[in-house]
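The values are calculated or read from the model by the stated rules, or taken from the named source; none is laboratory data. On a predicted model such as this, the values are computed, not experimentally measured, just so you know. Cβ sites come from the backbone with ideal geometry, for glycine too, and all protein chains shown count toward neighbours. Protein only, heavy atoms only, side chains kept; ligands, DNA and RNA dropped before computing areas. Shrake-Rupley method; radii C 1.70, N 1.55, O 1.52, S 1.80 Å.
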Amino acid sequence: MLTKRQLKLVKAELLCYGLELDNKAYIELLKRNPYVMNRTLVHAMHIDINGIIINVCVSEKFCRLSPYCMTFNNGDFILLKNHKEISIVKIIDDPFWAKERIGEYIIGDYLRPHSYECISCSPILQCGYQEKKKTCQFCSLNEYASHANINKRISPKLLAKMMSKVLTHKDYEINFSSGTDLTKDKSANYYISVLQELKPFNLKNSPYISLEITPPDKDYYIETLIDNGITALIMNIEIADEKLRRKICPGKSEVSINRYFEAMQKAVCLLGPGRVSSVLIAGIQPTEDIIKMSKNLIEIGVIPTIMPFKPLDDCAMRNYSITNPQELLFISDLLESELFNAGLNPCKQNGCTKCGGCSLETIGFIKT
């Protein structure tokens, strides 16, 4: 069995390098998860090694150069590095409800498990910044949406029906992650409507629901989201330096970092420390910028989530180099102690941050 330190290295490398599938693994995976080869920002290949969840790219071109490969043999998925067996891994299969329909819509097109406990929900598969030709350079959401043969936006009433059906089977935690509406509320009103539509179903247990959102223009929307059931908020700064941020995120950078901090401080005031987080992307900005920004976030009770840049086939930066796993490890090790000293535990922020499949923060807080 791999030690926790070995697991952390393997996870860092898989997040950065991706993973190749041989024919046997590919065929078996498609039986278990028809979405496994979808090209999206958060991919559909979710594996478990000794209780550590890893969301790993398998469908992008850069994965073909990965030293990691997975095969299927005698009923087991086996992870190899440079042709040497590393570990047997478990696969998080799509549950039966993902194939069910609500009218003409398949639930799994919008809600899918990213861990045993957390579902990712993407009901708005389009982004207003695309229309303004100001898409974030690392994002492939609109390109994915243009190829997917599904409705790019579903109504709050329909989404509430889907969520209710899923939550009758299990008390999942849910994370909303979608494109941004270029309105004053930045899509907040859509999610408020979803939460209000969900209430008449009288679910036995209130679900934990985290929401990734660009800070709305007014704190009123944050208050209303929380009043209606949001239990964690994720506001992703992504790039710490404003000048570089304007270059890489020409649309989102119109909302200043100062506004992000104002909105996050309001959310922390309402939800408490450790219930708000923000993604910063390693590999496309100076490490020292990430560390400085992360410390500023921790100081106000916000958990920084460090994700590696991936040169996705359909993003504008597809020819950019992959992130160095050692850089990801260095930042993670430093921030782990900062989080511990601040009394912030990412495993206690139910939803996306607790799932931890896309970054390294949770490993130090998990008992394996």
If you roll a 1.4 Å probe over the range 1-76 with all protein chains in place, what percent of the accessible area is carbon or sulfur?
52
With a point put 7 Å past each Cα toward its Cβ, work out how far Lys247 is from Glu288 in nm, to one decimal.
1.7
Sequence gap at least 6, Cα distance under 8 Å: using those rules, report the relative contact order of the chain to the nearest whole percent.
17
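To check you understand DSSP bridge types, tell me what percent of the beta bridges within the chain (both residues inside) are antiparallel, rounded to 5. List each step's numbers first, then the result.
Working: 23 of 45 bridges.
The antiparallel fraction comes to roughly 50 percent.
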Cα gyration tensor shape of the range 50-200, rounded if a/c is under 1.5, else prolate or oblate by comparing a/b with b/c:
oblate
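Using heavy-atom solvent-accessible surface (probe 1.4 Å) with all chains present, what is the largest-first order of Lys218, Lys152? It would help to have the intermediate numbers written out before the result.
On the way: Lys218 130, Lys152 60 Å².
Correct descending sequence by accessible area is Lys218, Lys152.
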Considering only Ser278, Leu329, Ser294, whose Cα is most displaced toward the positive end of the charge dipole of the range 256-337, charges sitting on Cβ of Lys, Arg (+1) and Asp, Glu (-1)?
Ser278
Relative contact order (percent, whole number), the range 242-368, Cα cutoff 8 Å, 6+ residue spacing:
22
Which whole-Hz couplings ³J(HN,Hα) result when phi for each residue of the range 46-53 is put into the Karplus expression 6.51 cos²θ - 1.76 cosθ + 1.60, θ = phi - 60°, listed in order with x for Gly and Pro?
10, 10, 10, 10, 6, x, 9, 7
Just check the range 159-235 against the gyration tensor rule for me: Cα atoms, a ≥ b ≥ c as the square roots of the eigenvalues, rounded for a/c under 1.5, and otherwise prolate or oblate depending on whether a/b exceeds b/c.
prolate
Probe of 1.4 angstrom, ligands and nucleic acids ignored: what's the accessible area per residue over the chain, in square angstrom?
43
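Efficiency by 1/(1 + (r/R0)^6): what FRET value for Glu223 and Asn341, r their Cβ-Cβ distance, R0 = 41 Å, to the nearest 0.05?
Working: r = 30 Å, r/R0 = 0.74.
After rounding, the FRET efficiency stands at 0.85.
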Within the range 204-355, what whole-number % of the accessible surface is contributed by carbon and sulfur, with the 1.4 Å probe and all protein chains included in the calculation?
47
If you average the alpha carbon positions of the range 1-38 and of the range 177-206, how far apart do those two centres end up, in angstrom?
32
Would you calculate the convex hull of the Cα atoms in the range 198-243 and tell me its volume per residue in Å³?
83
Just grab the label-to-label distance for His169 and Asn319, each label 7 Å out from Cα along the Cβ direction, in nm (one decimal).
4.4
Taking the convex hull of the Cα atoms, report for the chain its projected area averaged over all directions, in nm².
16.9
